[in-house]
Amino acid sequence: MELITDQTLLHQTIKENPIEEVLTNYWEYPLELTLYKKGEHIFKYGDPLTCICFFISGRAKVYSLLSNGKHYLHTFYKCFEIIGDVEFVNHSHIKTNVQALSDVYCLLLPLCKCHDMLYDDRKFLRAACSHLSHKLDITGQFNSHNLLYPLEERLASYIMNTSDNLIFSENLTALSELLGTSYRHLLRTLRNFCDNGYLLKEKGYYKIIAPNQLRALGAAINTTY
């Protein structure tokens, strides 16, 4: 994580995002502009909650580590979102992993400096409730898609949400766990995508040849993000 000290950029970021709708007298809060590089974790499961995070731009995935050691994909972040609201309300440690899929910009609120302010801020609490209900709705839809939609559609959606400049590079063992399928089934599906002209397999990654076709294939699932 990189702390950006440019005050002009900080104020511009605050102005261009709905911070005023979330925080009463937002200028009284010690907001910090931060940058997370691709692959960095914004939040990690089990860590203590030390800040409220406002996701500003970039792409990130939200996933859990299950008791059997497997990973479970929840959703993706691609626009303004409050992270840490669940843990803040429940006084708990961080419940999910949030990992950057590209460069991600966030505004952070260190709780050591403003914990009581947030608890007394009705505007923030209303915004947190609204975001929590939205997350609950998205989680329900996402879970139903994981159960009911074929792997082809879920994989197409995942590829288009995580690729960088039409390059898709993932640990396939971990990916099979995230998508709730077997490693062999995942390889067969990727091979079918190559045979259909959607992907081109290169050494260590896949190149997306037909992004429009993949986007259309995963369109039903993408509507939940």
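All of the numbers you see were taken from the coordinates with simple rules; none came from a lab. Bear in mind that the values here come from a model prediction, so they are computed numbers and not experimental data. Cβ sites come from the backbone with ideal geometry, for glycine too, and all protein chains shown count toward neighbours.
Points worth noting:
- CD proxy at 222 nm, helix term only [per DSSP H run n ≥ 4: -39500 (n - 2.57); per residue of the chain; nearest 500]: -13000 deg cm²/dmol
- Net charge in the neighbourhood of residue 176 (other residues with Cβ under 13 Å of its Cβ; Lys, Arg +1, Asp, Glu -1) is +2.
- When the P(r) of the stretch 68-139 is calculated, the portion above 22 Å amounts to 28% of the C-alpha pairs.
- Mean Cβ count within 10 Å, highest first, over the residues of peptides 120-126, 44-50: 120-126, 44-50
- Relative contact order (%) - criterion: Cα under 8 Å, at least six apart; region: the chain: 21 percent
- Distance cut-off 29 Å, percentage of C-alpha pairs in the chain lying past it: 31 percent
- Volume in Å³ per residue [convex hull over Cα atoms, computed for the stretch 103-205]: 150 Å³
- Ratio of the Cα radius of gyration of the stretch 150-222 to 2.2 N^0.38 Å, where N counts its residues: 0.97
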